[in-house]
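Below is one structure; the comments refer to it alone.
The values are calculated or read from the model by the stated rules, or taken from the named source; none is laboratory data. Everything numeric here is computed off the predicted structure, so don't read it as measured data. Heads up, the Cβs are rebuilt from the backbone with ideal geometry, glycines too, and the neighbour counts pull from every protein chain shown. Please note that ligands, DNA and RNA were not included when accessible areas were found on the heavy atoms of the full protein model with its side chains. Shrake-Rupley method; radii C 1.70, N 1.55, O 1.52, S 1.80 Å.
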Amino acid sequence: MKRLLISSIKEIYSWLIRLLSNSNRQNEVVEQVCYLMSFPNNDQGLIEAIQRYYPIVVLYSKSCKDEAKLLEKNGVSIYCLDTINGLTNGMKQLSISKIIVADNYFACLGDITFKETQTVYQLWHATGAIKQFGLEDKAAMKRSKKDKERFKRVYNAFDYVFVASKKMGEVFKRSYGFSDEQILLTGFSRTDHLVNGTKTNNQKDKRHILYLPTYRDRIPLEKWLLDIEGVSKQLNEHDLLQVKLHPHVKLTQEMTMENVEWISSSQSADDYIKQSDVLITDYSSVAFDFTVANPDKQLIMYWPDEVIYEEITGIQKGIKQDFPQKVVYTPTELLEQLNSNQPIDNQRFNQLWNTYNDGKATSRVVGEIKKVMDGEK
């Protein structure tokens, strides 16, 4: 019953988008960029860089309200897609914008009739990919025929995708059905500040160990979350374990430990990535951000639920061979790797996945947009 209700709501939404798209079909396209935002702290200056050359409007999800309001103060027009008024005005902006940039899968894109003079880019919200998504997502492929058709309509709406490596390009070819011509090797603009930014560590006598697990749907917390209390007891006085859980993860009880710092879910992980000596994560793309910011710091991949995760979501084939160190599965193996004192070298991993993340990605992304605006592409 619940699935039927959700499916009906999605069909109504698709109908509404098609209606709005048809009502805006006669609007003339202007030299404007429309940015669809669903992830806070994902553009990291790209919107401001585009604004230097062209008018830009931002259509945002409510989770990005704070960031959108800051952009509005800088002269950017904003519309919340989670309101009827915002959605109506947003569809009009999409109909007149020569360039559309989206940081995620936006269902509305699959039901809009774009003009030949418009170009739609996928900016994505992750530097690389460990888990499978799109056409390879095992959970999505179990969905109904109508759902799959809707997914493919969205994938087909994109003309190009900005990526940081040929590796990520291959992922998009498999996940979204893109061709070689649709892959733009520009680098991931969000990493510029990780490469060029100043790293500050106010506790230089401490080894900062950052734990950033991704969210698991339908997998019990105890099956994948690191035994934080147990690990903290094995750390020495010079270690500080910093933990940032996904906003949807709620612990049953507060845990206060002397050498553990809990980071608020509202805080950006990027600031902590730049000052960390070690990152512990699992299937999160934060692994790619960490190594580009810290080419000589330790990345630990902790996969206690690999079998379950592979079955439910799926993991990129061969990714384990790319990591600088072996994947670990137990707290004991994790502690052994943490204290191994082996030399750390993320160079090969960065060459594979962060190839074009050299601190100049934003300028290349803007350059691609300018080519279209100037009629060179």
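Extending 7 Å from Cα along the Cβ direction at E72 and again at N41 yields two label points whose distance is 2.3 nm.
In this Cβ point-charge picture (+1 for Lys and Arg, -1 for Asp and Glu), the range 274-377 has a dipole of about 520 debye about its Cα centre. Rounded to the nearest 20 debye, the dipole magnitude of the range 8-72 is 260 debye, with +1 charges on Lys and Arg beta carbons, -1 on Asp and Glu beta carbons, and the Cα centre as origin. Using the Cβ-Cβ distance between K233 and K317 with R0 set to 35 Å, the FRET efficiency from 1/(1 + (r/R0)^6) comes to roughly 0.40.
Atom-type composition of the exposed protein surface of the chain places 49 percent of the accessible area on carbon and sulfur (1.4 angstrom probe). Distance between the 7 Å Cα→Cβ label points at L5 and Q26: 4.1 nm.
Under a 5 Å amide H cut-off, with hydrogens placed 1.01 Å from N, Y176 pairs with L135 among residues at least 5 apart or on other chains.
When the Cα gyration tensor is reduced to axis lengths a ≥ b ≥ c, the ratio a/c is 1.5 or higher for the range 1-143, and with a/b not above b/c it is classed as oblate.
When the Cα convex hull of the range 118-263 is projected onto planes of every orientation, the mean area is 12.3 nm². Residues whose amide H comes within less than 5 Å of that of Y211, counting only those at least five positions distant or on another chain, are Q242, V243, K244, I280 (H built at 1.01 Å from N in the peptide plane).
The slack between Q325 and R52, meaning 0.36 nm per residue of separation minus the straight C-alpha distance, is 94.1 nm. Longest stretch of the chain clear of exposed loop sites (chymotrypsin sites (Phe, Trp or Tyr not before Pro), DSSP loop, at most 15 other Cβ atoms within 10 Å, sites excluded): 54-214.
Between K62 and L135, the FRET efficiency estimated from the beta carbon spacing at R0 = 25 angstrom works out to 0.35. Extent along the principal axes, Cα only, for the chain: 67, 50, 38 Å, with the longest axis given first. Membrane-span-like helices in the chain, defined purely by DSSP H runs whose alpha carbon atoms cover 27 Å or more axially and whose average Kyte-Doolittle hydropathy reaches -1.0, are 2-23. In this Cβ point-charge picture (+1 for Lys and Arg, -1 for Asp and Glu), the range 112-160 has a dipole of about 380 debye about its Cα centre.
Here the range 276-298 and the range 95-119 have alpha carbon centers that stand 33 Å from each other. A Förster distance of 45 Å, applied to the separation of the beta-carbon atoms of K115 and D345, puts the FRET efficiency at 0.35. The string of couplings for the range 113-127 from the Karplus curve (6.51, -1.76, 1.60, θ = phi - 60°) is 8, 7, 7, 4, 7, 9, 10, 10, 10, 9, 9, 6, 10, 9, 5 Hz, one whole number per residue in order, with x for Gly and Pro. Length gained on full extension, S179 to I84: 30.7 nm, using 0.36 nm per residue less the C-alpha separation.
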